[in-house]
1. Is there any pair with a first residue in the range 124-145 that is within 22 Å of residue 182 (Cβ to Cβ) and a second that is within 16 Å of ligand 1 (Cβ to nearest atom) and of a type in the set (Asp, Glu) whose Cβ atoms are under 6 Å apart and which are 6 or more apart or on different chains, and what are they?
2. Here is a list of conditions, (1) away from ligand 2 (no atom under 16 Å from the Cβ); (2) under 14 Å from the mean Cα position of the chain (by Cα); (3) not hydrophobic (A, V, I, L, M, F, W, C), and residue 121 meets all of them except one; can you say which number that is?
3. Quick one: which of 46, 56, 11 is without any contact (Cβ under 8 Å) to a residue 60 or more places away in the chain, under 23 Å from residue 144 (Cβ atoms) and within 14 Å of ligand 1 (Cβ to nearest atom)?
4. Specify the residue that is modelled with the lowest pLDDT; the eligible residues are those in the range 165-218 that are away from ligand 1 (no atom under 15 Å from the Cβ) and among the polar types (S, T, N, Q).
5. On the given criteria, is residue 189 within 13 Å of ligand 2 (Cβ to nearest atom), touching a residue at least 24 places away in the same chain (Cβ under 8 Å) and either touching a strand residue (DSSP E or B) at 6+ places or on another chain (Cβ under 8 Å) or over 28 Å from residue 106 (Cα atoms) (or both)?
6. If we keep just the residues of the range 114-173 that are in a loop (DSSP other than H, G, I, E, B) and among the hydroxyl-bearing types (Ser, Thr, Tyr), which is nearest to residue 73 (Cα to Cα)?
Amino acid sequence: MADLKIAPSILSADFARLGEEVAAIDKAGCDYIHIDVMDGHFVPNLTMGPPVIKALRGCSDKPFDVHLMIDPAAPYLADYADAGADIITVHAEADIHLHRNLQVIRGLGKKAGVSINPSTPAAAVAPVLDDVDLILVMSVNPGFGGQSYISSVTPKIAEIKAMIGDRPVELEVDGGVKPDNVAEVAAAGANVVVAGSAVFHGNDYAATIGALRDAAGG
Ligand code: DX5
Ligand code: ZN
């Protein structure tokens, strides 16, 4: 897939130089800036919140793809919109009122995403297919960068791709995506891939982004 979008996750960036890192992946040709927000409750790790996102907003004009791994998310959606998120993704497993959260995100003028964990079936997104702009399929258990791709998720990507049909919904895959497995992910139907450690642990961000695109197209 030649038009595969690459969304480097800044979770694997050098946090002491976060603004420079965001500017560097922008310059290296990424499509989205993927920002992992963790609360130490929904996932066993803590990362960053709205003030950090707001501070980074001046470092890139590319869409901020904000992945909320927080429960509840509802009380904070407006804060992430105000901070500069372009896409706000909530987990189907968090909160109770998924549909309401998606409506709120769109009401804030942002793109609404829903994410599901590796053990959550595709059917969880069926009721909201017409209420989302993006579906984020986790291919690792959320919480940490640098984990291995869970290959049993691949058929679920294809299943969701078929469920989306001709709706204008992006299909993003997050976790353990590398140049050596991105072809499998793209062939299953993903049009956006998150790549954290693959991009930031290499020393040439543009080369890695190019390698991911090339491998997906091959
Ligand atoms: C995991 C995060 C991912 C992660 C991806 O909870 O949602 O975005 O940073 O990192 P890699 O690409 O290293 O698996
Ligand atoms: Zn993520």
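1. Going by the 6 Å Cβ cut-off, the qualifying pairs are 134/170; 134/172; 136/172; 136/174; 138/174.
2. Of everything listed in (1) away from ligand 2 (no atom under 16 Å from the Cβ); (2) under 14 Å from the mean Cα position of the chain (by Cα); (3) not hydrophobic (A, V, I, L, M, F, W, C), residue 121 misses just condition (2).
3. Values: 56 fails: within 14 Å of ligand 1 (Cβ to nearest atom); 11 fails: without any contact (Cβ under 8 Å) to a residue 60 or more places away in the chain.
Criteria check complete, one pass: 46.
4. 203
5. Working: within 13 Å of ligand 2 (Cβ to nearest atom): no; touching a residue at least 24 places away in the same chain (Cβ under 8 Å): yes; either touching a strand residue (DSSP E or B) at 6+ places or on another chain (Cβ under 8 Å) or over 28 Å from residue 106 (Cα atoms) (or both): yes.
Criteria not met by residue 189.
6. Step one: filter the range 114-173 for residues in a loop (DSSP other than H, G, I, E, B), giving 117-121, 129-133, 139-150, 165-169.
Next, only the ones that are among the hydroxyl-bearing types (Ser, Thr, Tyr) stay: 119-120, 139, 148-149.
Working: 119: 20, 120: 18, 139: 21, 148: 27, 149: 26 Å.
That would be 120.
The values are calculated or read from the model by the stated rules, or taken from the named source; none is laboratory data. Not measured: the values here are computed from a predicted model. Positions of Cβ are backbone-derived with ideal geometry, glycine not excepted, and every protein chain shown enters the neighbour counts.
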